[in-house]
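Right, one structure below, let's go through it.
The numbers here are math on the coordinates, done by the rules we state, and not lab data. None of these values were measured; they are calculated from a predicted model. Cβ coordinates were reconstructed from backbone atoms using ideal geometry, including for glycine residues, and neighbour counts include every protein chain displayed.
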Amino acid sequence: MTLQNISIKTNDLHCHFGALHAVDGISFEVPAGTIFGFLGPNGAGKTTTIRLLLGLLEASSGSAEVLGFDTRTQADQIRLNCGALLEHTGLYERLSAEDNLDLFGRIWHIPPVERQQRIQSLLEKMGLYERRKELINGWSRGMKQKLAVVRTLMHDPKLVFLDEPTAGLDPVAAASLRDDLADLARQHGVTVFLTTHNMAEAEKICDQVAVISKGKLLSVGSPDELRLRQGTHALIVVGRGFNEEIMQALRAMPDVAGVELQDHHLVVHFTRETDSGTLVQFLAGKGVMIDEVRKGKASLEEAFLALLEEKE
Ligand SMILES: Nc1ncnc2c1ncn2[C@@H]1O[C@H](COP(=O)(O)OP(=O)(O)OP(=O)(O)O)[C@@H](O)[C@H]1O
Ligand SMILES: [Mg+2]
């Protein structure tokens, strides 16, 4: 891939706070126009990595390029071309939504006519236009969060960093924000780098995810790849007619490490790589109606948990 197609590239990046290695030698690439999810437990080093990428913190060693700019020497260029939502929304509670955005538009030196157009189109897109004149201190958390995302987009950045953008949002607000983010990437080619603790969310919208723990990258790939990589020893059978007798018989079989039943999904964990033939034959013999058999973990969340456990 040429550099223009890569929005972020890190090379053995380290950030130490005294003896603590908050970021401990990470290397990855984020292709332009994709949604990249940065996943990891509390204290894993996610926010620190974003701060390094924005040039807000200096790396202890290693290097990183964002939109082709070096984080050490060209941080101003990076901040001009990127939007970022970190822990604080950066909004002024005593200003209206419109005035908040106007203020940020001025900071970014966006000419007045363009500023107005941009405010209108972004607020309309997020469903906030009707309420633009209200002071935001009366707004709900979800509305403020959406406005905070709009703020990061005012100067039409090519790349946005969003640190837990949907934290604290209700499922409807979170889903609608996710749609907006997907739209940004798919329709407008914006690269979205986000952190989230919601694995279902990452699975839904991320083209690629990276799992980080204790400053180290454990895995990078599409959510499907991660599921399969972690779950090569599990078979998932979707069907009807499972019962306790079948579950017990499966548990007693050689090489079976565990059996779980979730709604119509039977997950059989094996101690080694296994093909599905024997299992399918056994289940069919017991009268189970099989709709689908697949390899892997049922969800990214399970893969994520297994990955963390394995590396403990
Ligand atoms: N300025 C700092 N000084 C000292 N230690 C810090 C500093 N910033 C972060 N750390 C430490 O670095 C580690 C990684 O923190 P970071 O905020 O990057 O985690 P995170 O993955 O974003 O976690 P969370 O999911 O809780 O937001 C933590 O142990 C944290 O205490
Ligand atoms: Mg964080």
Q) Among the aspartates and glutamates, which have Cα under 17 Å from the Cα of K311 when same-chain residues fewer than 8 positions away are ignored? A) D24, E301, E302
Q) If you count the DSSP beta bridges with both ends in the chain, what percent of them are antiparallel, to the nearest 5? A) 70
Q: Would you mind getting me the FRET efficiency between D275 and E301? Use the beta-carbon distance for r and R0 = 25 Å, nearest 0.05.
A: 0.45
Q | Normalised alpha carbon radius of gyration of the chain [divisor 2.2 N^0.38 Å] | A | 1.18
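Under the classification rounded if a/c is under 1.5, otherwise prolate if a/b is larger than b/c and oblate if not, where does region 133-219 fall, given a ≥ b ≥ c as square roots of the Cα gyration tensor eigenvalues?
Numbers: a/c = 1.88, a/b = 1.46, b/c = 1.29.
Since a/c reaches 1.5 and a/b is larger than b/c, the shape of region 133-219 is classed as prolate.
Can you give the extra length, in nm with one decimal, that the chain gains between R106 and F17 once fully stretched, where that is 0.36 nm per residue apart less the Cα-Cα distance? Numbers along the way, then the final one.
Values: separation 89, 0.36 × 89 = 32.04 nm, distance 3.57 nm.
Taking 0.36 nm per residue and subtracting the Cα distance, the gain is 28.5 nm.
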Q. Looking only at A175, A202, A257, which one moves most when the chain is put into a Gaussian network model with springs between Cα atoms under 10 Å?
A. A257
Q | Flagged links, alpha-carbon separation over 18 Å, of K9/K158; K9/K46; K46/K216; K9/K216; K46/K158; K214/K295 | A | K46/K158; K214/K295
Q. With the chain treated as a Gaussian network of Cα nodes joined by springs under 10 Å, which of F17, F242, F36 yields the largest mean-square fluctuation?
A. F17
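Normalising by the residue count of the chain, find the relative contact order in percent from Cα pairs under 8 Å and 6+ residues apart.
19
Can you bin region 232-295 into rounded, prolate or oblate? Criterion: square roots of the alpha carbon gyration tensor eigenvalues sorted a ≥ b ≥ c, rounded for a/c under 1.5, prolate for a/b above b/c, oblate for the rest. Walk me through the intermediate numbers first.
On the way: a/c = 1.44, a/b = 1.26, b/c = 1.14.
Rounded, because the longest to shortest axis ratio a/c is under 1.5.
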Q | Choice from L123, L162, L250 showing the highest fluctuation, given a GNM over the chain with Cα pairs closer than 10 Å | A | L250
Q) For the chain, what does -39500 (n - 2.57) per DSSP helix run (n ≥ 4), summed and divided by total residues, give at 222 nm, in deg cm²/dmol to the nearest 500? A) -11000 deg cm²/dmol
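Using DSSP, restrict attention to beta bridges with both residues in region 144-263 and report what percent are antiparallel, rounded to the nearest 5. Walk me through the intermediate numbers first.
Working: 5 of 10 bridges.
About 50 percent, rounded to the nearest 5.
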**Q.** Simple label model, 7 Å out from Cα along Cβ direction - E58 to L261, nm
**A.** 6.2
